[in-house]
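Q: Starting off with a structure, shown below.
The values are calculated or read from the model by the stated rules, or taken from the named source; none is laboratory data. Since we're looking at a predicted model, the values are computed, not measured. Ideal geometry is used to build each Cβ from the backbone, glycine not excepted, and the neighbour counts take in all protein chains shown. Please note that ligands, DNA and RNA were not included when accessible areas were found on the heavy atoms of the full protein model with its side chains. Shrake-Rupley method; radii C 1.70, N 1.55, O 1.52, S 1.80 Å.
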Amino acid sequence: MLSAIKKQFKTQCRDWLGIMTVLMLGSAVFGGILFAVIAALDHETDSYFAMGTVIAGIMAVMFTGIMMMASLSQLFNLEVSMGCTRKHFFISYYTLGFFVGLCGVVMLWLINMAENTMNRVMYPGMSEEISFLPYLLKWGIPVMTVILVLAGFCGALMMRFGKVAGWILWFLWMFGWLGLPRIQEAVEKAPDSLFGRIGSIAANMLRMVPLHTWVCIAVLVSILAFAGTWVLLRRQQVTS
């Protein structure tokens, strides 16, 4: 098992960390510049916003999720065909993913602290609009863990069911990025429309669920997805 983990880290860790670091730092710089432009154009702005942290966090989530999903099939076929057992591959692959995800969370903490320090220097007359660091310290690692587990599960589904699973996941992705914002806009601007009513009902139902229940749901879904990934990989055949 240790040899499988070492092989994963040797072949993938440097590339994953390097790409993620460049993406996160580049996004943080872009976000800082973007807010500086907004602050310069909007003279009524009286608070600063850690936009670089937000964009860097989005990039970290997208990168780790996509890499876990996209590389699963390739690495599975390569390593299992070279004699690695499915159990050892499963453990080593998630060990690598969790390590990279943890590094991404730590980098996001550092980016946020650095950005807040720079904002206090650049905008001395402004107050901080929202402090992200307490939320990152509390929820950063759990959220990244859930994302990694779900991404691995989605990758296993695509390996097992091919284009059918890919199209379903693509539909859910597009609905999340395009459909949900439009429903939210309908709730705010046209509450009497069909989508406005649907959104209002859904929002009221979601508000009724307490935070600890959402945490329990996330934990349960993660456990099921983790176990589901193992079941799918255990029965998966090596393909060329």
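Q: Have a look at SER127, SER73 and point out the one that is closer than 18 Å to ALA36 by Cβ, out of contact with any Pro (no Cβ under 9 Å at 6 or more places or on another chain) and touching a residue at least 40 places away in the same chain (Cβ under 8 Å).
A: SER127
Q: Quick check: anything in the range 31-44 under 17 Å from the mean Cα position of the chain (by Cα), assigned to a helix (DSSP H, G or I) and within 15 Å of PHE132 (Cβ to Cβ)?
A: The answer is no; no qualifying residue exists.
Q: Starting from residues that are open to solvent by 60 Å² or more (accessible area, probe 1.4 Å) and touching a residue at least 40 places away in the same chain (Cβ under 8 Å), keep the ones in the range 204-234 and report whichever is farthest from PHE90 (Cα to Cα).
A: Once the filter is applied, the top-ranked residue is VAL221.
Q: Looking only at the range 147-189, count how many residues are at pLDDT 80 or above, loosely packed, with under 15 Cβ neighbours inside 10 Å and of a type in the set (A, V, I, L, M).
A: Counting residues in the range 147-189 that are at pLDDT 80 or above, loosely packed, with under 15 Cβ neighbours inside 10 Å and of a type in the set (A, V, I, L, M) gives 2.
Q: Pairs please, first residue from the range 77-89 and within 18 Å of GLY155 (Cβ to Cβ), second anywhere and assigned to a helix (DSSP H, G or I) and open to solvent by 70 Å² or more (accessible area, probe 1.4 Å), Cβ atoms under 7 Å, 6+ apart in sequence or on different chains.
A: Pairs that qualify, where the first residue is within 18 Å of GLY155 (Cβ to Cβ) and the partner is assigned to a helix (DSSP H, G or I) and open to solvent by 70 Å² or more (accessible area, probe 1.4 Å), are ARG86/ARG234.
Q: Within the range 85-104, is even one residue under 21 Å from VAL149 (Cα atoms) and not in a helix (DSSP H, G or I)?
A: Among the residues of the range 85-104, at least one is under 21 Å from VAL149 (Cα atoms) and not in a helix (DSSP H, G or I), which makes the answer yes.
Q: Then there's this: Looking only at the range 100-123, count every residue that is closer than 12 Å to THR53 by Cα, in contact with a strand residue (DSSP E or B) (Cβ under 8 Å, 6 or more places away or on another chain) and open to solvent by 20 Å² or more (accessible area, probe 1.4 Å) and tell me the total.
A: Qualifying residue count for the region: 0.
Q: So the check is Cβ under 8 Å with 6+ separation or different chains; which pairs have a first residue in the range 159-175 that's within 20 Å of TRP230 (Cα to Cα) and a second one that's part of a helix (DSSP H, G or I) and of a type in the set (S, T, N, Q)?
A: From the range 159-175, the pairs are MET159/SER73.
Q: Separate question: Any chance you could count how many residues in the range 29-49 are out of contact with any strand residue (DSSP E or B) (no Cβ under 8 Å at 6 or more places or on another chain) and open to solvent by less than 20 Å² (accessible area, probe 1.4 Å)?
A: The total comes to 1.
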